[in-house]
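The values are calculated or read from the model by the stated rules, or taken from the named source; none is laboratory data. Just so it is clear, the structure is predicted and the values come from calculations on it, not from any experiment. Virtual Cβ from ideal backbone geometry, glycine too; neighbours counted across all protein chains shown. These area figures cover heavy atoms from the full protein model, side chains too; ligands, DNA and RNA do not enter into them. Shrake-Rupley method; radii C 1.70, N 1.55, O 1.52, S 1.80 Å.
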Amino acid sequence: MSVSSSSAFSRRRLLGMTGASAAALALAACGGSDSGGSSSDGALTWYMWSGSNAEADAWKYVGDLVTKADPTTKITFQTSTFNDFWTKLTSQAASGKSADIVGMQAQRTPQFQQLLVPLDDSLAAMGVDGSEFDSKIYDGMKVDGKLVALPYDFGPSVIFYNRTAFQAAGLPEPAIGWTQDDFMTAAKALTKDSFYGYNAGSVIDGVVPWVLSQNGVAAVNDAGDLDVDNDAWKQTLQWYADLITKEKVAAPVPSANSSAAATNQFLSGNAAMTIDGPWSLINARATAKFEVGIAPMPAGASGSKTVTAGSGFGVSTSCKDPERAKKAVAVLTGVEAETYLGTQGRAFPSRTAQQTAWYEGNQLQSAKDVMDFSIENSVPFRTTAKWTQVNDTFSRYAVSAFNGDSTVADLVSRVQAQSK
Amino acid sequence: MAVTAPIVVGGDTTATARGGPSHGYRKGDGRSAIPFLTPGAIGFLAFTLFPVFASLAMSFFDWPVLGSPSFLGFGNYSELLSDTTFRTALVNTLVFVVLYVPINIVLSLGLAAWISPRIKGRRFYRVVFFVPAVTPIVGNAVVFSLLLTPNGLIDSTMKSLFGVGAPNFLGSTSWALPAVVMMSVWQGFGYNLLVFSAAMDAVPPSLTEAASIDGAGTVRQFFSIVLPLLSPSIFFATVLTLISSFQVFTQAYVLTGGGPGSSTTTLVMYLYQSGFQFFRLGFASAVAWVLFVIIMFITGLQFLAQKKWVHYDQ
C-alpha cells in the first residue's frame, strides 16, 4: 500500500515535472520566435521578400557569399511574400526586433527611414564606391540626402507588349520614338471582343509614367511634397479613364485589391500591352504563351518619360553589430552577387558594369537599347513618408473613377488628402 | 489570479471522484495541477489577456510603429466621431450585418428543413452544403473573384446566353458590397445548416405525430412545433453569426481590398488599414474597442430578448 502510494506520488511528481517542462518549452519557443536581435558571435539575420523557392535559393546563395568573404559572419535568411513582407517588417519594427539586414524598396525609404542606419560615413570602411552604381537608383536610396540602403536592382517602367498579337495584326512593333498616337492606333486596332489593346491597372505606379510623358510632372514635386490635385494629373487621369470608358481599348478595372491582376491580364493573353519593369521580364517570357517584347513609354507632349524604381538592403537600427551588418550589405550588393543575380535573371543589376550579365545571361541583348533609352529618360520614383496611404487610397478610388462611377477630380482630391 | 481559480475546481472534481473530499488530497492535487495548467494559463495571459489590456491602453495614445507613443486621452475616440471613413465603414458593416445574418439564417434553416425528412442522399447533401464552410475562405474568395470579374465565368456565360454582360461586380460601387454578402452567405450557411439539421433530428417524433393526428399539416407542424423547439439553436446560431458578421474582413480584403472607393471598407478592414498599412496602432485600437462595445451591446440585447422567444423546455 505504502509502495503504491509512494509510486502514485512520484508519478504525480513526474507528471508535474512534465507539465512544467512543457511550459518551459512553450516559453522557450516564444523566445525562439523572436526573429531579430543579433549577438556578438558574428550571427546576422537577413529579412527579404521572395516569391518562390527558386528565388529564396538565389538569395541564400548570395547570403553565403557573405560568409565566404568573412568566415566569422553567419547569415540567417528569413523570407516572406512581398505583400506580407511590409506588414511583418512593420510589426517587427514596432517591437524593436527587426532583422539586422532588411530588404527595402527605394520608393518606401521615406516611410522606413527611421528603421534604417545611414550608411554615408561607413562607405569607405565597407569598401563601397557609390559611383559604381547607377546614379538614379543610388540617389533613390537617399532620404533627405542620407543614404539608407544600397541597391541591388533597379529598372525603368517600360511597356511590355504581346509581339505575337502585333505581328498577327500586321502592326508595326512599338520601338524607340513611338508616340502616344501610335499607342492609341495600335490599341484600337488590337482591341477585339474580350481582348484589349491596353491593360489599365488601378495602381499609381502604372500611371505616373503616363503623367510624366504627357505633362512632365510626377506625384511628388521638387519640394518633396505630394502634388496630384492639379490640372496635369486630372488631364492624364481623364485620358487614362477614357481608355476604359470612351475608347474602350482597356478592360474595366476588376477590383481594387490586386496589382498582380495588371500583369496577369497581359500574361494570360487578354491585353496586348501593359506597363511593367525589367524585374518581371524573365518571368513574363517564361510564363506567357506568346512572345513578349519591351518598348519605352510612347512619347507624349513631354516626350518619352518614365520612372526608375528598385530595391536594396539596409541595416536596421536594432542591429547590435551594425559594422558587421554594413559589411554584409556591401557583399550582398557587391560585384559577385550582382553578376550572379543578373545572370540568373533575378535582378537587373544596379551596378552599371554588371548589367551586361543580365543581357548576356538571359539572351536579352535586343532589349538593351530600350533599357538604355528608358533609363536615360527616367527620373527616380519619388514618394512621401505616407506613400502606403497614397498608394492604397489611389488603388481604391481609381477603380470607381476609371470605371466611370466617380470623377478623376474626386480621385485626386482624395489622394491629395493623404499628404497631411 | 486567473491561475488559482481553475486549480481549486480541478482539485474538487478529483476529490469527489475518489469518493470523499479530503483536505490533504485537495492540496496535493492543486499543487500537481499547477504545472498542467501553467502552459494554458501562460498562453491565456500572454496572448489573450495582455493584448486585450494593451490595446485598451494603446487606444489612448498616438502610437506610431516607428517612433515613440504620446498620450492623447480620448483623442483617438473623438477623431473617430468626426472621421467620415469610419462612418462609412460603420454603415458598410451594418448593411453587411443586416443583409447577411437574415439571409444566412433563413437559407440554412430552409435547407435544413428540406433535408430533414428522410430524403434520399440526405447525408450527401449535408456534406455538400458543409463543404464551403470548411474550405479556406481565401481560396473561396479568389475563386469568386474569378467568377465575378469582367470576362469571368458569370459575365461570359451571360454574354453568350443573353447577349448582355454582367455588371462589373467587384469594380462597381453599387455591386461590390452585395457581391461580398453573396460570397459570405455561400461560405457561411453550411455551419448553421449543420446546427439546425442536428436540432431538427432531436425533435421527438411523438410530438409531430400527435400534431398530425390532431390534423396539423406539414407547414403548421413546422411553425408551431419544430420552430419553437429549434429556438435555442436559432438563438445560438444568430448570436454567433451576428458576432462573426460584425468582424467581416477576409472576404472584403481578398475580393475588393475595401474598394472601390470605400464601398466595402468594413470596420475590421478599416482597423487593419489604420494599424498595419497606415501604422496608427493607437487609432486602430480605438476602432477595435468601439467595435467590441457595439458587439457587446447587441449581444447583450439578444440575451435580454431571448427570454421572450427562446424555449428551453421540451
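Would you confirm whether any residue within segment A:141-148 is crowded, with 24+ Cβ neighbours inside 10 Å, in contact (Cβ under 8 Å) with a residue 60 or more places away in the chain and outside the structural domain of A:Phe266 (by TED's automatic domain parsing)?
Yes, some residue in segment A:141-148 is crowded, with 24+ Cβ neighbours inside 10 Å, in contact (Cβ under 8 Å) with a residue 60 or more places away in the chain and outside the structural domain of A:Phe266 (by TED's automatic domain parsing).
For segment A:394-417, give me the residue count where each residue is facing chain B (nearest Cβ under 9 Å) and polar (S, T, N, Q).
Of the residues in that region, 4 qualify.
Look at B:Gly215 and say whether it is within 14 Å of chain A (Cβ to nearest Cβ) and not hydroxyl-bearing (Ser, Thr, Tyr).
Taking the combined requirement at face value, the residue does not satisfy it.
Can you name every residue in segment A:76-87 that is open to solvent by 20 Å² or more (accessible area, probe 1.4 Å) and touching a residue at least 40 places away in the same chain (Cβ under 8 Å)?
A:Gln78
Kindly evaluate B:Tyr312 against the criterion of being more than 22 Å from B:Tyr77 (Cβ to Cβ) and either among the polar types (S, T, N, Q) or away from chain A (no Cβ under 13 Å) (or both).
yes
Name the residues in segment A:372-403 that are over 30 Å from A:Glu291 (Cα atoms) and open to solvent by 50 Å² or more (accessible area, probe 1.4 Å), would you?
Answer for segment A:372-403, where residues must be over 30 Å from A:Glu291 (Cα atoms) and open to solvent by 50 Å² or more (accessible area, probe 1.4 Å): A:Arg382, A:Ala385, A:Lys386.
In segment B:149-163, how many residues are open to solvent by less than 90 Å² (accessible area, probe 1.4 Å) and either among the hydrophobic types (A, V, I, L, M, F, W, C) or assigned to a loop (DSSP other than H, G, I, E, B) (or both)?
Count: 7.
Which one of these does A:Asp369 not meet: (1) of a type outside the set (A, V, I, L, M); (2) crowded, with 17+ Cβ neighbours inside 10 Å; (3) away from chain B (no Cβ under 14 Å)?
(2)
Let me spell it out: the conditions are (1) open to solvent by 10 Å² or more (accessible area, probe 1.4 Å); (2) of a type in the set (S, T, N, Q); (3) under 21 Å from A:Trp59 (Cα atoms), and A:Gln113 meets all of them except one. Which number is the exception?
(3)
Is there any pair linking a residue in segment A:205-224 that is hydroxyl-bearing (Ser, Thr, Tyr) to one that is open to solvent by 50 Å² or more (accessible area, probe 1.4 Å), with Cβ under 6 Å and at least six apart or on different chains, and which?
Within 6 Å, the pairs are A:Ser213/A:Lys305.
When residues of segment B:33-82 are filtered for being open to solvent by less than 60 Å² (accessible area, probe 1.4 Å), within 21 Å of A:Ala385 (Cβ to Cβ) and within 12 Å of another protein chain (Cβ to nearest Cβ), how many remain?
The total comes to 5.
It is to be established whether one or more residues within segment A:344-352 are part of a helix (DSSP H, G or I), surrounded by 21 or more Cβ atoms within 10 Å (Cβ to Cβ) and of a type in the set (A, V, I, L, M, F, W, C).
no
Can you say whether A:Asp100 is charged (D, E, K, R) and either under 24 Å from A:Glu376 (Cα atoms) or assigned by TED's automatic domain parsing to the domain that holds A:Ser280 (or both), as far as the supplied structure shows?
no
Can you find a residue in segment A:58-66 that is away from chain B (no Cβ under 14 Å), touching a strand residue (DSSP E or B) at 6+ places or on another chain (Cβ under 9 Å), open to solvent by 60 Å² or more (accessible area, probe 1.4 Å) and modelled with pLDDT of 50 or more?
Yes; the residues of segment A:58-66 include at least one that is away from chain B (no Cβ under 14 Å), touching a strand residue (DSSP E or B) at 6+ places or on another chain (Cβ under 9 Å), open to solvent by 60 Å² or more (accessible area, probe 1.4 Å) and modelled with pLDDT of 50 or more.
Mind checking which residues of segment A:327-338 are assigned to a helix (DSSP H, G or I) and either buried (at least 19 other Cβ atoms within 10 Å of the Cβ) or modelled with pLDDT under 90 (or both)?
Correct list: A:Lys327, A:Ala328, A:Val329, A:Ala330, A:Val331, A:Leu332, A:Ala337, A:Glu338.
Residue-wise test of (1) part of a helix (DSSP H, G or I); (2) in contact (Cβ under 8 Å) with a residue 24 or more places away in the chain; (3) more than 30 Å from A:Asp57 (Cα to Cα).
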| site | (1), (2), (3) |
| --- | --- |
| A:Gln354 | yes, no, no |
| A:Tyr359 | yes, no, no |
| A:Gln363 | no, no, no |
| A:Ala385 | no, yes, yes |
| A:Val390 | yes, yes, yes |
| A:Thr393 | yes, yes, yes |
| A:Tyr397 | yes, no, yes |
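Residue under question is B:Tyr191, and the condition is that it be at pLDDT 90 or above, hydroxyl-bearing (Ser, Thr, Tyr) and more than 24 Å from A:Gly269 (Cα to Cα); does it hold?
Criteria met by B:Tyr191.
For segment A:368-380, give me the residue count where each residue is touching a Phe, Trp or Tyr at 6+ places or on another chain (Cβ under 7 Å) and touching a residue at least 24 places away in the same chain (Cβ under 8 Å).
So the count comes out to 0.
Which one of the conditions (1) farther than 30 Å from B:Val219 by Cβ; (2) surrounded by fewer than 19 Cβ atoms within 10 Å (Cβ to Cβ); (3) touching a helix residue (DSSP H, G or I) at 6+ places or on another chain (Cβ under 8 Å); (4) at pLDDT below 95 does B:Val95 fail to meet, given that it meets all the rest?
All conditions are met except number (4).
When only residues in segment B:116-134 that are open to solvent by less than 50 Å² (accessible area, probe 1.4 Å) and not in a helix (DSSP H, G or I) count, which is farthest from the other protein chains (Cβ to nearest Cβ)?
Checked segment B:116-134; the qualifying residue farthest from the other protein chains (Cβ to nearest Cβ) is B:Ser116.
Yes or no, residue by residue, for (1) more than 15 Å from B:Pro178 (Cα to Cα); (2) open to solvent by less than 20 Å² (accessible area, probe 1.4 Å):
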{"position": "B:Phe236", "(1), (2)": "yes, no"}
{"position": "B:Val239", "(1), (2)": "yes, yes"}
{"position": "B:Ser244", "(1), (2)": "yes, no"}
{"position": "B:Gln247", "(1), (2)": "yes, no"}
{"position": "B:Leu255", "(1), (2)": "no, yes"}
{"position": "B:Gly259", "(1), (2)": "no, yes"}
{"position": "B:Leu267", "(1), (2)": "yes, yes"}
{"position": "B:Leu271", "(1), (2)": "yes, no"}
{"position": "B:Gln277", "(1), (2)": "yes, no"}
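Would you check which residues across segment A:193-216 are in a loop (DSSP other than H, G, I, E, B) and within 22 Å of the chain's Cα centre (by Cα) and list them?
If the condition is that a residue be in a loop (DSSP other than H, G, I, E, B) and within 22 Å of the chain's Cα centre (by Cα), then A:Asn199, A:Ala200, A:Gly201, A:Ser202, A:Val203, A:Val207 are the ones that fit.
Would you please list the contacts, defined by Cβ atoms under 7 Å and residues six or more apart or on different chains, that run from a residue in segment B:253-279 that is more than 8 Å from every other protein chain (Cβ to nearest Cβ) to a residue that is in a loop (DSSP other than H, G, I, E, B) and aliphatic (A, V, I, L, M)?
Matching pairs, first to second residue: B:Thr266/B:Val248; B:Val268/B:Val248.
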